[in-house]
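What follows is one structure encoded as structure tokens, with my remarks underneath.
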Amino acid sequence: MIPSATPELPDLAGMTLVDVEALVARLGWPKFRSEQVWRWVHDKGARSFDEMTNLSAAQRGELATHTRVGSLTVAEVQTSRDGTQKLRLVTRDGFSIESVLIPDGEKTTQCISSQVGCAVDCQFCATAKLGLKRNLDASEIVDQVYLGRKLLADAGPERRITNIVYMGMGEPLHNYDNLIRSLQILTHNLGAKLSQRRITVSTSGLVPKLERLGNELVRPNLAVSLNAANDAIRDEIMPINRKWNIAKLLGALRAYPLEHRRRITFEYVLLAGVNDSLTDAAQLARLLRDVKCKVNIIPYNPHPEAPYARPSDAAVDAFQNECKRLGMATYLRRPRGDDIDAACGQLANRAQGGAAIVPLRIRKGPPPAPAVD
Ligand code: SF4
């Protein structure tokens, strides 16, 4: 067995084809080897150099002295009654992160993390309580997808990942360079071949980064965690609003270049007695009336560290009905994997490994239903 990886070596999963071409040139190999190496990792999902059978043993050995394959290991997989699967993945330095596979008919959406913890401090979010431990590098973002793809492939040929949502731990736009690199890799037509129209990046509203994202060649769908229709409430539950308030956020979103038939998704976590009144619904409808958008209503999933409660089903229905009556496209996000959600935040606690293993939780309660309509 050819040893892969020491932590210092770059993971091929985080390398673009251009990076691999540069490496192959440095090694003095013919150029066509770049595509072969790239395809092994990004298309065929190889997780060891031994699998790269069109390279000689000497070449595999040489590659292993300069790179590694794989950044994460699967520590635990929980499967819900509805087929949702939650993966606890461990980084090479011992942090746990989480990724969720959500089947929906022929589609499977994977929810992935972009950071260990988060610095944004949304008051309703369990991930916020961790603070920011560190950014995930591009290989760790991409490897979540490759491990999810392998899990599905091992289960049978009929299921594959069709959609990706950056809605797990972390604020993706706080890890901008690794976000963009991961998008470039995942959408490459010689690799995982995911369509950018089937990838959604969710943000709490980092206005300057939104402007930058609008100028990128690879441009995913955008979801914005809004959660309030006025600054008083948003200041309270999302302190980032004190820096970039709703007016600044909507200004950036109105300027965001949307392609034909694409809309911005607003996420609105309903917190009982905080943002769930009919007045809030009316204010929301007024606020978004000139934005090409839809609104996902997400009833809150309570956790012990936050002083918020989930509204009653009647209150959720009333809120959505008022939004619809006022002409807003709203969707109630069906809770998925309810039975394994109960273990959210406990998976990592149960794991061995001491302080480097952090508790975690997908940030907005139930894993999202597939984000592409
Ligand atoms: S909701 Fe998202 S942006 Fe806000 S603290 Fe949680 S992970 Fe960070």
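The numbers here are math on the coordinates, done by the rules we state, and not lab data. All figures in this text were calculated on a predicted structure; none of them were measured in a lab. Here Cβ is always computed from backbone atoms with ideal geometry, including for glycine, and neighbour counts include all displayed protein chains.
Observations on the structure shown:
- Potential lengthening between Phe32 and Asp121 on full extension [0.36 nm per residue; Cα-Cα distance subtracted]: 27.3 nm
- Beta bridges from DSSP with both residues in the stretch 109-228: antiparallel share about 25 percent, rounded to the nearest 5.
- Cut-off 12 Å (backbone N to label point 7 Å along Cα→Cβ of Asp317), residues of the stretch 264-294: none
- Fraction of antiparallel bridges per DSSP, the stretch 72-356 only, in percent to nearest 5: 50 percent
- Karplus 3J(HN,Hα) series, Hz, for the stretch 291-296 with 6.51 cos²θ - 1.76 cosθ + 1.60 (x for Gly, Pro): 10, 6, 7, 10, 10, 9
- Cα-centred dipole magnitude for the stretch 50-115, charges only on beta-carbon of K, R (+1) and D, E (-1), debye, nearest 20: 120 debye
- Taking 0.36 nm per residue of separation and subtracting the Cα-Cα distance, full extension of the segment from Asn215 to Arg261 would add 14.7 nm.
- For the options Leu87, Leu332, Leu206, a Gaussian network treatment of the chain with springs between C-alpha atoms closer than 10 Å singles out Leu332 as fluctuating the most.
- Most mobile listed residue (Val120, Val100, Val218) in the chain, GNM with C-alpha springs under 10 Å: Val218
- Mean Cα-pair separation over length for the chain, i.e. relative contact order, pairs under 8 Å, 6 or more apart, %: 17 percent
- When the GluC sites (Glu not before Pro) in the stretch 263-338 are filtered for DSSP coil states and for at most 16 other beta-carbon atoms within 10 Å of their beta-carbon, the remaining sites are Glu305.
- Largest GNM mean-square fluctuation among Ile180, Ile233, Ile199, using the chain with Cα springs under 10 Å: Ile233.
- Gain upon complete extension [Glu8, Ala22; 0.36 nm per residue less C-alpha separation]: 3.2 nm
- Distances between placed amide hydrogens fall under 5 Å for Ser202 paired with Tyr166, Ala223, all partners being 5 or more residues away or on another chain.
- ³J(HN,Hα) computed for each position of the stretch 247-256 - Karplus, 6.51 cos²θ - 1.76 cosθ + 1.60, integer Hz, glycine/proline x: 4, 5, 5, 5, x, 5, 6, 5, 7, 5
- Cα-based convex hull, the stretch 72-356, per residue volume (Å³, whole number): 133 Å³
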